[in-house]
Amino acid sequence: MIEWLNVIIQGILLGGLYALFATGLSLSFGVMRIINMAHGDFIIMSAYLAFAVVHPLGINPFYTILLIVPLMACFGYVLQKLVLNKTLGNDILAPLLVTFGMSIIVQNLLLEIFSADFRGLNAGAVEVSSIQLVSDIAIGVFPLLTIVIAIAVIFGLQYIFYNTKLGICFRATSDDHVTAQLMGIKTKHIYAMAMGLALGVTAIAGVLLAIRTNFDPAAGPLQLLYAFEVVIIGGLGSFWGTLIGGIILGVAQTIGSNINPGWGILAGHLVFIIILMIKPNGLFPKTKEK
């Protein structure tokens with residue numbers, strides 16, 4: 001019983017990282033109806049940017065969040081403003097193909113600049129420190145910090161969406177962009193702000209991923225798969241649903257790994273398929289495709 005309780009706790013903590021993976025994807029789809037196929041590669045790009053800062057300076061990787069987040073947010077704003085806004089319309093295929101092309105470009109750029117070697121970031125004692133709950137159960141400080149950051153990010157996004165003028169513009173543009181334009185909302189600017197916000201969250205996920213595990217230029221599609229599964233499980237457009245979806249996926253993977261070391265990822269996929277069959281719109285959907 002203690003062993004399984006420990007497995008579930010570790011899965012919940014892992015779910016915090018998955019929730020961060022998925023939050024940016026949920027945001028971009030919720031506001032702009034864009035399925036960003038390069039989302040996973042932007043996570044890995046953020047990890048490499050953190051590596052590029054830490055490696056020559058030797059600073060703690062957590063400090064890089066202060067630089068990488070605004071950098072990725074600005075990149076997201078410019079990307080949406082200059083490129084992705086031109087693909088928006090009734091056809092969902094155009095942004096899908098463009099972001100797929102970006103995925104290939106980012107992977108090859110990272111491969112060319114950093115080579116195919118695995119990289120990682122060392123955050124020091126926080127990676128190995130733990131909090132002892134009972135004699136056989138301990139919680140790692142870094143996984144605990146990750147889920148706390150995930151909750152704080154989701155709480156902040158929830159506040160922005162439902163308690164600020166920018167959030168009103170996000171929701172109005174998402175509901176009916178034509179009416180929003182007639183009411184004086186600059187929808188293209190709002191779309192760019194949403195993508196900037198999404199990639200800012202993605203940057204946090206990328207830095208934490210780089211601290212937690214090794215990564216390489218080809219790791220993006222796997223992170224995209226996890227993010228996509230979490231968004232579908234939690235429900236489109238639901239930030240708290242994304243957190244719950246991340247926890248469900250994390251627990252499924254740790255339970256599968258505990259049964260058999262090779263079953264972790266498979267167990268997560270099976271849970272995703274089961275939930276998709278039972279609740280096609282996810283557990284807590286807030287956005288429906290038009």
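Residue under question is Val78, and the condition is that it be part of a helix (DSSP H, G or I), β-branched (Val, Ile, Thr) and modelled with pLDDT of 95 or more; does it hold?
Taking the combined requirement at face value, the residue satisfies it.
Do we find a residue being in contact with a Lys or Arg (Cβ under 9 Å, 6 or more places away or on another chain), touching a residue at least 12 places away in the same chain (Cβ under 8 Å) and either of a type in the set (A, V, I, L, M, F, W, C) or closer than 24 Å to Leu225 by Cα (or both) anywhere in the range 64-74?
No, that holds for no residue.
Which one of these is free of Cβ contacts under 8 Å to residues at least 60 places away in the same chain and touching a Gly at 6+ places or on another chain (Cβ under 7 Å): Ile232, Ile185, Ile147, Ile168?
Of the residues listed, the single one that is free of Cβ contacts under 8 Å to residues at least 60 places away in the same chain and touching a Gly at 6+ places or on another chain (Cβ under 7 Å) is Ile232.
Quick check on this structure: which one of Thr179, Thr187 is touching a Ser or Thr at 6+ places or on another chain (Cβ under 6 Å), open to solvent by less than 80 Å² (accessible area, probe 1.4 Å) and more than 23 Å from Tyr63 (Cα to Cα)?
Thr187
If we keep just the residues of the range 165-176 that are modelled with pLDDT under 90 and part of a helix (DSSP H, G or I), which is surrounded by the most Cβ atoms within 10 Å (Cβ to Cβ)?
Ser174
Inside the range 132-164, can you point out the residues that are open to solvent by 50 Å² or more (accessible area, probe 1.4 Å) and at pLDDT below 90?
Gln132, Leu133, Val134, Ser135, Asp136 - these are the residues of the range 132-164 that are open to solvent by 50 Å² or more (accessible area, probe 1.4 Å) and at pLDDT below 90.
Of the conditions (1) aliphatic (A, V, I, L, M); (2) open to solvent by 10 Å² or more (accessible area, probe 1.4 Å); (3) part of a helix (DSSP H, G or I), Ala194 fails just one. Which one is it?
All conditions are met except number (2).
Can you give me the number of residues within the range 98-125 that are assigned to a helix (DSSP H, G or I) and surrounded by 11 or more Cβ atoms within 10 Å (Cβ to Cβ)?
16
Working carefully through the options Met72, Met37, Met45, find the one that is outside any helix (DSSP H, G or I), within 16 Å of the chain's Cα centre (by Cα) and not acidic (Asp, Glu).
Answer to the selection: Met37.
Filter the range 161-195 down to the residues that are among the aromatic types (Phe, Trp, Tyr) and farther than 17 Å from Leu25 by Cα and list them by number.
Across the range 161-195, the qualifying residue is only Tyr162.
Which is surrounded by fewer than 19 Cβ atoms within 10 Å (Cβ to Cβ), without any contact (Cβ under 8 Å) to a residue 24 or more places away in the chain and within 20 Å of Ile43 (Cα to Cα), of Ile273, Ile278, Ile265, Ile259?
Ile265
The values are calculated or read from the model by the stated rules, or taken from the named source; none is laboratory data. Note that the structure is predicted; figures quoted are calculated from it, not measured. Methodologically, a virtual Cβ is constructed for each residue, glycine included, from the backbone with ideal geometry; neighbour enumeration extends over all protein chains shown. Accessible surface areas use protein heavy atoms only, side chains included; no ligands, DNA or RNA. Shrake-Rupley method; radii C 1.70, N 1.55, O 1.52, S 1.80 Å.
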